[in-house]
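Read through the structure below, which is laid out as structure tokens, and then see the notes.
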Amino acid sequence: MLTRSARARGFGGRVGDAILGSWTRTVAVVAVALVIFGIIGFLAATGRLGDLRYANIPLVHPYPPAGFYQNSFNPTDRGDLINTATAAKVKSDLVADGQIELRAYQTSDGSLLAGADTGNRLAKLRSALDQNHAAGVFEDFTNQLTTVRVGKLVDPNDSSVTWCIEEIGTSRITLTRAADGSVLSQYSIRFDDKFWLRSVAGRYLITDAEVQSETTSS
């Protein structure tokens, strides 16, 4: 049987814990409230109260919300958000498109391009491969990417196309003779390319591109 003093200590401990827990929660709530009021006051004083909807307040108002990120092609508009899941789909399809393009160049077979390209991009690459085929040469690209960003940027040639992926990196290009496979030339480039993609039958195909490159070695 517990003594009176033992029961009193136990009861007192529970009360102490409850009071301590209550004060901890109260202090946390007050701290969060002060942060919120501080942000509101600052934005009001600077005439930017409309920016409150973009404030990132953990637990209370996380921003960007889960499943979205800021469009890196339009960093000044904090309301321009990109759906993470859709962006991953666009990026995955571009990787697959790129593999098809590489295979087409390796074989100078323009018929493969329809599985990766459409619009302006398809027309330009078919023309380039026709030239390679006529010259009896193949091209092979070994790419190393250093930066990839996925977002929305209006295609300068078609305002209805907005999904864009920028790739920055280097590439080693090998030109071989189709007749015997002998190497004609090799050189390296540094590139900064943008690709615009359009959804066609549930898959994103490259419809346009802005290619910038410089030769770094031969």
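The values are calculated or read from the model by the stated rules, or taken from the named source; none is laboratory data. Computed from a predicted structure; not experimentally measured. Here the Cβ positions follow ideal geometry from the backbone for every residue, glycine too, while neighbour counts run over all protein chains shown.
Test residue 162 against the stated conditions and say whether it is in the same structural domain as residue 99 (by TED's automatic domain parsing), over 24 Å from residue 92 (Cα atoms) and surrounded by 14 or more Cβ atoms within 10 Å (Cβ to Cβ).
So residue 162 fails the test.
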All positions within segment 175-204 that are of a type in the set (A, V, I, L, M) and either without any contact (Cβ under 8 Å) to a residue 12 or more places away in the chain or exposed (fewer than 15 other Cβ atoms within 10 Å of the Cβ) (or both): 178, 179, 183, 184, 200, 201
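From 157, 143, grab the single residue that is surrounded by fewer than 18 Cβ atoms within 10 Å (Cβ to Cβ), closer than 16 Å to residue 102 by Cβ and touching a strand residue (DSSP E or B) at 6+ places or on another chain (Cβ under 8 Å).
Working: 157 fails: closer than 16 Å to residue 102 by Cβ.
Only one candidate qualifies: 143.
Taking the stated definitions as given, is residue 172 closer than 30 Å to residue 84 by Cα and without any contact (Cβ under 8 Å) to a residue 40 or more places away in the chain? I'd like the intermediate steps shown before the answer.
Details: closer than 30 Å to residue 84 by Cα: no; without any contact (Cβ under 8 Å) to a residue 40 or more places away in the chain: yes.
In short, no.
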Out of all the residues in segment 79-98, which are in a helix (DSSP H, G or I) and closer than 11 Å to residue 69 by Cα? 84, 85, 87
